Every structure is written in C-alpha cells, then in structure tokens.
Amino acid sequence: MSTSKATDTFKLENPYLTMKDHMYHIGISTTDNLKERFSDVKFVCMGGKKERMRSFAELLYDQLGKPKNSELESEGSEAENCHHHVHRLQNISSSGGRYSMFKVGPIISASHGIGMASLSVVLHELFKLIHFAECKNVKFIRLGTCGGLGLEAGTVVVTKQSYNGMLEDCFKQVSCGKETRYDSHTDPGLSSELLAHAEKLGIKAISGNTLGTNDFFEEQGRLDGALCNFTNEEKMAFLKKAHDQFGIKNIEMESTCFAALCNRVHVKCAVACVAVLNRLLHDDITDDGHMLTEWELQPQRLVVSLIKHHMSL
Ligand code: R2B
Ligand code: URA
C-alpha cells in the first residue's frame, strides 16, 4: 500500500507504464505538452453525457470568471461554422470520437458514457493523463442522474458506499480470468462538503448508499425493458431489500467502478446524482426535457459551489 499524502504528486505505480503513451479513447498523447497544459488540474468532474459535460464546463468558465488557464477552440477549427466570433471551449477529446473533455481553470470536465465498461476506459486514461502531467492533490467527482428509492425527482443523492448488482459493497474487477474485490466507498470529507453546499444553496440533497449496476433494465429491477425475467413482486422485494437492509437510496450505473478505481490510485472521490424518478412508483422517465435539464443542473450547482470555495472565490 502506498502511503502518499494528498498533497503529493499523483503517481501511478504500474511498472509497465512507459514515458511514451497514447491515450487512444481521449485522443491525447504524452507528446502533447501534458505538463504545461494539465499540471494545474485539481478537480476532474465526470458525467455520462458529452454535451452535459460541455455545458457544465461552460457554467464553470462563466462562474470562475473566464480563467486564463482554460482550453479554447483556436481560430479556424470547429468554430468555423460559428458566425459570431466567440471562442468556445475546446473539446480536447474530439479526435478520439468517444468522449468529450474540456479544461476550465484547474478543472477537467469529461464525459464517461453509460456504464462501468465505458467509464473504466476513460478513467484509466484520465489517471494516466494526470500522472504524466504530474498533477498534485486531484479530486474526482461524478455528477450524474439516477433512479431514487422513495425520493422525489430532483433530489440529489451523495453516495457514501456503492454496492454492485449482487448487493455487495465492493467492485469486482475481472483480470486474467480472476476476480478481485475492491473497496467502493467514497471520500467522507468531500461528500460532507457537497452536502454542506447543498444546504447553503437550498438544494434538496441526502447522503445514502448507491446501487451501481451493469444494466439499466433487468439489473435495476425494471419491468419495462424489452425482456423481463422476474415478476413485479420480485422487483419490489429487491428494491425494498436494497433500501431497508443496505441503506440504498439510488440506482445508477457507474459509482461502484468509479469509487473503486479512485480508491486504488488513492484519489479522493465523491458521487452526486440527481434522481430523475422514484423507482418505488414507476420505471419510466419523463419525456419533459426542461425538467430533466433543470434536475441535471442540481449536482452541477453543488459542484460549482464546492470548487469556488476551494479556489477561495
Ligand atoms: C444514469 O443514467 C444513465 C442511464 O440512463 C447511466 O449512465 C446512469 O448511471
Ligand atoms: N440512471 C439509471 O441508471 N437508472 C435510472 O433509473 C435513472 C437514471
């Protein structure tokens, strides 16, 4: 076990890593001046959708007073079809074609797609990026959506412990045909800071355990997938057991892997997800785009407030 302190330079311990590396899915290489461009990074904020992570980056850019150490599109790049000559934030990962990534001041805002498989790919590459850039004291925060258990839509859940689909409090990594269990708790300090900012802003937020699954439909006990191999009674018994025996307040698809990988590299992490429905009442999510956008803003507001506080703004 490493005993590195939070203030130490982030360093991966994989002996097979070399100085020369191409982070294929985020479209960036060790030859891309990583130290100059990224050594100031203190927060990596992640969420599922590409465009939401752009609008979160734009919100940050505005709220932090357009910091100089941000990456903007250069003249004649994607901005060409943009008639007003305002520089947009640059999607650093556009060449990779998989994820979006933006840099605003000391913050990276990146998308991770749906599920742990997609998340794990970009998380490995982001860890390598902050390793090669020799960043110090970096924290990781996931801002997402989820199904709540007995919660009103719009409520934010800040994860304490994440569980897997078997209701085990760990993430199981398969490698070379073997399974290893890793701790999937989040950082208590960072999590209570998020809750304190919610209180200050008047945003409805609670602390609770989270169920992270590898599927949106059957593994979350949804009856309305294309297929369903259980009954409504079995669904309700599962959700009740998760809630009553394990303190699970919400269900999503990344937190278990997210927390476990952060724990393995010794970075502090937090997960703040807004409930877009109450799973004890139904399985389908509203088609009201305005409500969804408004709900998705709640975790973003918490994180902006926390980051401004950390930057003494
Ligand atoms: C929440 O929302 C997505 C599924 O709709 C998934 O990424 C998650 O965790
Ligand atoms: N995301 C999920 O994974 N599940 C839900 O019910 C809602 C959002």
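The values are calculated or read from the model by the stated rules, or taken from the named source; none is laboratory data. These figures come from a predicted structure and were not determined experimentally. Please note: Cβ atoms are built from the backbone with ideal geometry, for glycine as well, and neighbour counts cover all protein chains shown. Protein only, heavy atoms only, side chains kept; ligands, DNA and RNA dropped before computing areas. Shrake-Rupley method; radii C 1.70, N 1.55, O 1.52, S 1.80 Å.
Among residues other than Asp224 whose Cβ falls under 10 Å from its Cβ, what is the net charge (Lys/Arg +1, Asp/Glu -1)? Write out the running numbers ahead of the final one.
On the way: positive: Arg222; negative: Asp283, Asp284.
Counting the neighbours of Asp224, the net charge comes to -1.
Suppose R0 equals 30 Å; then what is the FRET efficiency for Gln173 and Val86 from their Cβ-Cβ distance, rounded to the nearest 0.05?
Numbers: r = 44 Å, r/R0 = 1.46.
So, using R0 = 30 Å, E works out to roughly 0.10.
Mind listing the long-range amide H neighbours of Ser100? Cut-off is under 5 Å, sequence gap 5 or more, other chains count too, H placed in the peptide plane at 1.01 Å from N.
For Ser100, the qualifying residues are Ser111.
Would you please state which residues of segment 261-282 a label at Lys204 would reach in this model, taking the label point 7 Å out along Cα→Cβ and a backbone N cut-off of under 12 Å?
Within reach of a label on Lys204: 275-278.
Would you mind classifying segment 163-256 by shape? Square roots of the alpha carbon gyration tensor eigenvalues, ordered a ≥ b ≥ c; an a/c under 1.5 is rounded, otherwise it is prolate if a/b is larger than b/c and oblate if not.
Judged from the Cα gyration tensor, segment 163-256 comes out oblate (a/c at least 1.5, b/c at or above a/b).
In whole Hz, with x marking every Gly and Pro, tabulate ³J(HN,Hα) for segment 258-272 from phi via Karplus 6.51 cos²θ - 1.76 cosθ + 1.60, θ = phi - 60°.
4, 5, 5, 5, 4, 4, 5, 9, 6, 10, 6, 9, 9, 10, 10
In the chain, carbon and sulfur make up what percent of the accessible area (probe 1.4 Å)?
The C+S portion of the solvent-accessible surface of the chain is 53 percent.
With a ≥ b ≥ c taken as the square roots of the eigenvalues of the C-alpha gyration tensor of segment 18-69, please select rounded if a/c is under 1.5 and otherwise prolate if a/b is larger than b/c or oblate if it is not?
oblate
Hey, can you grab everything whose amide H is under 5 Å from the amide H of Ala205? Only 5+ residues off in sequence or another chain; H modelled, so Pro and N-termini drop out.
Residues meeting the criterion, in which the H sits 1.01 Å from N, are Val156.
In whole Å and largest first, what semi-axes does the C-alpha gyration tensor of segment 7-137 yield when each eigenvalue is scaled by 5 and square-rooted?
24, 16, 15
Determine the sum of side-chain charges near Arg181: Lys and Arg each +1, Asp and Glu each -1, restricted to other residues whose C-beta is under 10 angstrom from that of Arg181.
Values: positive: Lys172; negative: Glu168, Asp169, Glu179, Asp183.
Combined, the nearby Lys, Arg, Asp and Glu give -3.
Taking 0.36 nm per residue of sequence separation and subtracting the Cα-Cα distance, how much length would be gained by fully extending the chain between Thr31 and Phe238, in nm to one decimal? Intermediate results must be reported in sequence, preceding the final value.
Values: separation 207, 0.36 × 207 = 74.52 nm, distance 4.98 nm.
Using 0.36 nm per residue and subtracting the Cα-Cα distance, I get 69.5 nm.
Would you mind working out the accessible area per residue for the chain, using a 1.4 Å probe, and quoting it in Å²?
Ligands and nucleic acids excluded, the figure is 49 Å² per residue.
Output ³J(HN,Hα) for segment 108-118: one whole-Hz value per residue in order, computed from phi by the Karplus curve 6.51 cos²θ - 1.76 cosθ + 1.60 with θ = phi - 60°, and x for Gly and Pro.
Values, residue by residue: 9, 10, 9, 8, 10, x, 9, x, 6, 5, 5 Hz.
In whole Hz and in residue order, list the ³J(HN,Hα) couplings for segment 131-145 that follow from phi through the Karplus curve 6.51 cos²θ - 1.76 cosθ + 1.60, θ = phi - 60°; x for Gly and Pro.
5, 5, 7, 6, 6, 10, 6, 8, 10, 10, 10, 9, 10, x, 10
Taking the chain, how much of its Cα-Cα pair set, in percent, is spaced more than 34 angstrom apart?
In whole percent, the share of Cα-Cα pairs in the chain beyond 34 Å is 21.
Between Lys68 and Asn278, take the C-beta separation as r, use R0 = 45 Å, and let me know the FRET efficiency to the nearest 0.05.
Result of the calculation: an efficiency of 0.55.
Find the Rg to Rh ratio for segment 143-313, where Rh is the Kirkwood radius over alpha-carbon pairs and Rg uses the same atoms.
Looking at segment 143-313, the ratio lands at 0.98.
How many angstrom lie between the Cα centre of segment 238-297 and the Cα centre of segment 212-234?
A separation of 16 Å, based on Cα centres.
Once R0 is set to 22 Å, what does the formula 1/(1 + (r/R0)^6) return for the Cβ-Cβ distance between Asp8 and Met311, expressed as a FRET efficiency to the nearest 0.05?
Result of the calculation: an efficiency of 0.60.
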